[in-house]
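A short write-up of the structure that comes next.
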Amino acid sequence: MNFVLDDLVVLLTTGLIPFLRISAMLLAAPLVSLQVVNVRIRLALAFLLTVFFFDQITIPVINPLSVPWFILIALELMIGIFLALILQIVNAAIVVAGQSMSMSMGLGMAQTIDPNAGQVPVIASFLVVLSTLIFLSLGGHLFLIELLLQSFAAIPIGGGSIDFSSSIWNLTIWSSMAFLGGVLIALPITLLMMLINLCIGVVTRAAPALNIFAVGFPAMLIAGLILIVLFMANIGSRIQWLWLEAFDVAQNLWVIHNG
């Protein structure tokens, strides 16, 4: 009886280590971090993935409740959160693009509650939905599983030394894409809306009796919606490029020193 109980304790303590990396990533990763996917579903999915991965990874036997065991747990949580954070930066870029486009169209005050991004402009909410669909069309949900498997191969549990300073620096460089990606998505529409705004200003200057609020705001709104439709293919391709770049960065984030 004691033999079976000891084996069960070892199994639980060793299985907890990969479970923490998987659950930390799933709690913050795109798609599965939506509010419609509650915490119980995420934990159940993390448990299933842990069962599937358990025979494919090497887990060292460490005395539970010891200092190395707690350090290993902290490292596993950090690895999972970092992997999810890389992908979440794409959603941040989408929100920045939507805010820029909304402000140029005069819809900056039109806010909506997005389950994933919080209170954002309506254009940003639409782009987040479009980004989620593109993520699924690229097989992003399958890439999450593949990324977890690759992380266990590149960063074995308790094996290899991670250069966290270089890895954090790589993550910091990639985080600039939250602004650069947003600008690249919104730039064509923002520039054209600026030209339209300039034309409306010239017309208002030529005809002072014309009410700018009665004419300018509807014109900017209609022109903005038309431009979004015309540039939808460009917006979609740019979002797809962002996801592919995020996948590549996530695969090559860690700087490992084996020894």
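The values are calculated or read from the model by the stated rules, or taken from the named source; none is laboratory data. All values reported here derive from a predicted model rather than from experimental measurement. Neighbour counts run over all protein chains shown; Cβ positions are idealised from the backbone, glycine included.
Points worth noting:
- Selection status of Leu171, surrounded by 15 or more Cβ atoms within 10 Å (Cβ to Cβ) and within 30 Å of Ser151 (Cα to Cα): yes
- Residue-level analysis places Ile226 outside the set of residues that are part of a helix (DSSP H, G or I) and modelled with pLDDT of 90 or more.
- Lone qualifier among Leu11, Leu34, Leu85, Leu16 - being modelled with pLDDT under 85 and within 26 Å of Val249 (Cα to Cα): Leu34
- All positions within the stretch 193-213 that are exposed (fewer than 12 other Cβ atoms within 10 Å of the Cβ), modelled with pLDDT under 70 and either more than 20 Å from Met103 (Cα to Cα) or touching a Phe, Trp or Tyr at 6+ places or on another chain (Cβ under 8 Å) (or both): Ala209, Asn211
Every residue, every condition in (1) surrounded by 13 or more Cβ atoms within 10 Å (Cβ to Cβ); (2) in contact with a Leu (Cβ under 9 Å, 6 or more places away or on another chain); (3) at pLDDT below 75; (4) part of a helix (DSSP H, G or I), yes or no:
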| position | (1), (2), (3), (4) |
| --- | --- |
| Ile113 | no, no, yes, no |
| Leu149 | yes, no, no, yes |
| Ile157 | yes, yes, no, no |
| Leu187 | yes, no, no, yes |
| Val215 | yes, no, yes, yes |
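- Residues satisfying the stated conditions in the stretch 24-78, i.e. outside any helix (DSSP H, G or I), aliphatic (A, V, I, L, M) and in contact (Cβ under 8 Å) with a residue 60 or more places away in the chain: Ala29, Leu31, Val32, Leu34, Val36, Ile57, Ile59, Ile62
- Being crowded, with 23+ Cβ neighbours inside 10 Å, modelled with pLDDT of 80 or more and under 16 Å from Phe179 (Cβ atoms) is a property that Ile123 lacks.
- Residues within the stretch 229-259 that are more than 23 Å from the chain's Cα centre (by Cα), modelled with pLDDT of 85 or more and exposed (fewer than 11 other Cβ atoms within 10 Å of the Cβ), tallied: 1
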